[in-house]
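The values are calculated or read from the model by the stated rules, or taken from the named source; none is laboratory data. None of the values given here were measured: they were computed from a predicted structure. Quick reminder, even Gly has a Cβ in these numbers, built from the backbone with ideal geometry, and neighbours come from all protein chains shown.
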Amino acid sequence: MSDLTKKKRPNAEHVVLNNNGDLIAASNVTQDAIIARSTLTSETYNEPLYQRLSQLVVDRGFSETPTILSGEVEGQLLFVNKLPGPGWWHITTYPLAEVRNQAIVLPLQLVGAGVGLVILILLMSYWLIQREVSRPLQEVAKVASLMGQRNYREAQTHKTTKIKARGEVKQALKAFQTMASRFITAQDELEREVESRTAELAEANRKLDALAHMDGLTGLFNRRAFDRDLDAAISSGKPYHLMIADIDEFKAYNDNYGHEAGDSAIKEIAECLRSNTPLKVYRYGGEELAMIVPSAYDLESKLNELRDKVIELNIPHHYTNTDRSCLSLSMGAAPIQRDDDSRSAIRRADKQLYAAKRAGKNCVVTA
């Protein structure tokens with residue numbers, strides 16, 4: 001039984017009359033009362049509704065049943081049915097006001113149910129649109145935004161498993177993530193290429209810097225490197241000695257053996273010094289060499305050791321004014337002072353070198 005059939009029905013009364021309008025049965029009169037009074041007639045039963053119904057049966061003489069009447073009895077809706085057999089009439093009366101109220105309530109209930117159903121359909125439609133369209137499109141917009149910000153890795157790994165993307169939306173998401181993957185691959189390759197080029201450029205710069213600070217003939221550090229390192233030593237405030245050396249009687253060697261032999265002799269002496277000390281050796285100019293020596297070294301002993309190594313080379317020189325017949329070195333060294341400038345430091349070391357020359361050459365003089 002539906003909810004509508006469970007609703008309260010209007011209060012009805014049931015009456016059974018014969019063709020003469022006599023009362024055979026009624027819902028508000030017990031059967032015992034009818035039997036006690038025999039058949040109730042309009043003369044013996046004065047109930048107003050029965051009087052009107054009895055008169056209606058007599059006057060109308062219904063030919064077709066069932067019949068529905070609404071204006072015959074004031075305030076009542078009548079349902080008239082003829083009972084087969086004895087020619088009796090079954091009349092059901094409903095209060096018209098209650099019927100009308102029920103007639104109003106039922107459409108209202110139907111309208112309410114319809115409105116509720118429409119709201120439910122709208123809510124379900126909204127939920128489905130959110131799940132199937134709105135949220136997937138929001139995810140597409142988010143991934144597109146990440147792509148626009150060049151945040152390709154986050155776009156590629158963006159989680160879309162919680163949404164039900166289908167059709168073109170799913171294809172768009174896959175297309176964006178595929179594009180992000182390709183951008184990442186290209187970006188990684190570009191970064192590796194940049195790193196490689198940067199390393200190559202750094203190595204080229206290092207080599208270029210080395211070439212810019214190396215002497216082309218001897219492979220020693222050149223005058224530019226010497227000036228740079230001397231300024232750095234002075235600025236550091238640490239104790240150093242500056243040593244300047246000169247190949248003895250080199251002009252006579254060059255004049256008599258030739259410039260090619262002179263270059264070869266300079267290269268050999270330069271290699272001798274470089275291979276016998278961990279310190280930097282500079283070609284100061286021409287046949288002059290230099291070193292910046294930390295004061296922790298046993299200066300005079302170390303310089304004499306290098307001077308002896310040059311003698312051991314035994315590079316012949318028969319045009320010298322000394323009693324030696326091979327090339328030798330004279331060395332002069334002086335401390336670098338805190339308030340020095342490079343000219344002052346060089347001047348003091350030169351002064352010691354001149355003293356070594358005056359002392360007979362092939363010797364070391366330190367301040």
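In the stretch 78-103, the residues that are charged (D, E, K, R) form Cβ pairs under 8 Å with partners that are part of a strand (DSSP E or B), at six or more places apart or across chains, as follows: Lys82/Trp88; Lys82/Trp89; Lys82/His90.
Selection of the stretch 211-253 for residues being polar (S, T, N, Q) and in contact with a strand residue (DSSP E or B) (Cβ under 9 Å, 6 or more places away or on another chain) yields Thr218, Asn222. A Cβ distance below 6 Å, combined with a sequence gap of six or more or placement on separate chains, defines the contacts here; from the stretch 302-314, residues that are within 13 Å of Gly332 (Cα to Cα) and modelled with pLDDT of 95 or more reach no residue that is among the hydroxyl-bearing types (Ser, Thr, Tyr) and loosely packed, with under 14 Cβ neighbours inside 10 Å.
For Arg358, the test of being loosely packed, with under 15 Cβ neighbours inside 10 Å, under 18 Å from Lys251 (Cβ atoms) and basic (Lys, Arg) is passed.
Among the residues of the stretch 194-248, those that are of a type in the set (A, V, I, L, M, F, W, C) and in a loop (DSSP other than H, G, I, E, B) comprise Leu217, Leu220. Filtered by the rule that a residue be surrounded by 17 or more Cβ atoms within 10 Å (Cβ to Cβ) and hydroxyl-bearing (Ser, Thr, Tyr), the stretch 310-350 gives Thr320, Ser328, Ser330.
With the requirement that a residue be surrounded by fewer than 16 Cβ atoms within 10 Å (Cβ to Cβ) and more than 60 Å from the chain's Cα centre (by Cα), what does the stretch 268-284 give you? Selection gives Glu268 alone.
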